[in-house]
Amino acid sequence: MSRRHLPTLTAMQCFEASVRHMSFTRAADELNLTQSAVSKQVAQLESTLEHPLFRRVRKRLQVTPEGALYLTEVRKILAQVEMSTRYMQSYGGQSEVLNVTTLPTFGARWLIPRLNGFRFRHPRTYLNITNRSEPFDLEEERVDVAFFFGHGAWPRAECIRLFDEERVPVCAPSALPPGGISEPLALTRLVLLQNATRPEAWHDWFAAQGCYTEHSYHGPRFDTFDMALRAARAGCGVALVPRFLAEEELAAGQLSVPWSFGLTSREAYYLAYPEHKAEVGKVKGFTDWILEHLERPAVSG
């Protein structure tokens with residue numbers, strides 16, 4: 001369907017209001033239109049979709065199955081338009097939105113605690129932070145800054161290395177036998193919690209110590225490190241996670257490291273931004289802030 005044949009927002013509003021009121025007249029009153037204008041908009045929408053949206057039974061409206069299906073999508077669209085409009089209206093005329101993507105657990109546990117104070121230094125830059133785990137095109141997605149884990153390469157982007165990753169096993173202190181464990185393979189007597197984004201993690205950790213076990217890939221699988229950490233805290237087993245992501249629980253005694261060997265990954269954490277945005281004020285300001293706070297402890301609040 002070409003853009004010129006796409007339905008208008010007015011047509012969608014007329015349809016949605018008509019469904020809520022089950023009346024073109026009441027929908028027209030709500031939208032400050034005439035009854036004939038609402039009826040015409042709905043008729044044009046039906047013509048564009050090539051499906052009836054209403055049945056007229058004894059001068060009363062009934063929504064067709066096609067109409068009910070379309071209503072769900074229309075409400076999503078209208079809600080998104082309203083949210084986006086209010087989002088932009090909340091900013092001053094000179095404000096800029098900085099679109100940032102981050103890995104879920106990295107964002108929640110490392111990035112966000114280091115943002116405290118950013119808004120005071122850059123009061124006209126508003127952060128829009130979303131989680132992204134899969135590769136994507138920075139330009140197509142209109143992303144200004146992306147945090148990622150990898151080898152430091154991103155098409156048409158500048159990449160800044162932040163720090164390495166050391167993976168260590170963690171579990172609830174109560175999950176350990178009295179006296180702890182005496183060798184790494186003893187962890188297989190606990191449940192090995194798996195992470196979906198690092199399926200080889202346990203195998204590599206054991207192999208780096210000259211160990212092999214058929215249990216490396218066995219155990220509940222979690223989508224994020226945060227989920228694996230929470231499962232470990234609950235006593236569900238032992239998780240292999242980046243040490244920096246577990247610092248809070250380790251310091252509080254909620255988790256412990258049952259075997260001290262840490263495996264440093266060949267990959268690292270990076271910050272990336274499109275090449276042509278290197279001197280864009282909002283990007284440079286945010287990048288400078290992150291680098292300035294890289295070695296500082298996180299501040300809550």
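The values are calculated or read from the model by the stated rules, or taken from the named source; none is laboratory data. Here the structure is a predicted model, which is why all the values come from computation and not from measurement. Glycine also receives a Cβ, built like all others from the backbone with ideal geometry; neighbour counts cover every protein chain displayed.
Can you tell me how many residues within the stretch 94-120 are acidic (Asp, Glu) and modelled with pLDDT of 95 or more? Here the count works out to 0. When we screen Ala157, Ala175, Ala153 for residues that are surrounded by 16 or more Cβ atoms within 10 Å (Cβ to Cβ), more than 18 Å from the chain's Cα centre (by Cα), over 20 Å from Gly285 (Cβ atoms) and of a type in the set (Gly, Ala, Ser), the only hit is Ala175. Yes or no: Leu240 at pLDDT 95 or above, part of a strand (DSSP E or B), closer than 26 Å to Arg132 by Cα and not assigned by TED's automatic domain parsing to the domain that holds Phe118? Criteria met by Leu240.
Within the stretch 227-245, is even one residue among the β-branched types (Val, Ile, Thr) and surrounded by fewer than 18 Cβ atoms within 10 Å (Cβ to Cβ)?
Of all residues in the stretch 227-245, those among the β-branched types (Val, Ile, Thr) come to 238, 241.
Remaining after also requiring surrounded by fewer than 18 Cβ atoms within 10 Å (Cβ to Cβ): none.
No, that holds for no residue.
Is it the case that the stretch 237-254 has a residue that's in contact with a helix residue (DSSP H, G or I) (Cβ under 7 Å, 6 or more places away or on another chain) and over 30 Å from Trp202 (Cβ atoms)? No - not one qualifying residue is present in the stretch 237-254. Go over the candidates Ala153, Ala108 one by one and state the one that is of a type outside the set (Phe, Trp, Tyr), in contact with an Asp or Glu (Cβ under 7 Å, 6 or more places away or on another chain) and not in a strand (DSSP E or B). One residue alone meets the criteria, Ala108.
What's the total number of residues in the stretch 49-91 that are among the hydroxyl-bearing types (Ser, Thr, Tyr) and surrounded by 14 or more Cβ atoms within 10 Å (Cβ to Cβ)?
Looking only at the stretch 49-91, we keep the residues that are among the hydroxyl-bearing types (Ser, Thr, Tyr), and these are 64, 70, 72, 84-85, 87, 90-91.
Within this subset, residues satisfying the condition of being surrounded by 14 or more Cβ atoms within 10 Å (Cβ to Cβ) are 64, 70.
Number satisfying all stated conditions: 2.
Selection of the stretch 134-149 for residues being of a type in the set (Phe, Trp, Tyr) and outside any loop (DSSP other than H, G, I, E, B) yields Phe147, Phe148, Phe149.
What number of residues within the stretch 38-59 satisfy the criterion of being among the charged types (D, E, K, R) and part of a helix (DSSP H, G or I)? Give the steps one after another, and end with the answer.
Within the stretch 38-59, the subset among the charged types (D, E, K, R) is 40, 46, 50, 55-56, 58-59.
Within this subset, residues satisfying the condition of being part of a helix (DSSP H, G or I) are 40, 46.
Number of matching residues: 2.
Pairs are defined by a Cβ separation below 8 Å, a sequence spacing of at least 6 or placement on different chains, a first member in the stretch 60-82 that is assigned to a helix (DSSP H, G or I), and a second member that is aromatic (Phe, Trp, Tyr); the pairs so defined are Gly67/Phe15; Gly67/Phe54; Tyr70/Phe15; Leu71/Phe15; Val74/Phe15.
For Phe222, the conditions (1) aromatic (Phe, Trp, Tyr); (2) under 15 Å from Val100 (Cα atoms); (3) out of contact with any Phe, Trp or Tyr (no Cβ under 8 Å at 6 or more places or on another chain) are fulfilled apart from (2). Could you grab me the full set of residues in the stretch 254-278 that are under 17 Å from Val143 (Cβ atoms), not hydroxyl-bearing (Ser, Thr, Tyr) and either not assigned by TED's automatic domain parsing to the domain that holds Asn116 or not in a helix (DSSP H, G or I) (or both)? Within the stretch 254-278, Leu271, Ala272, Pro274, Ala278 meet the criteria. Among the numbered conditions (1) modelled with pLDDT under 95; (2) of a type outside the set (A, V, I, L, M); (3) surrounded by 15 or more Cβ atoms within 10 Å (Cβ to Cβ), the only one that Glu214 does not meet is (3).
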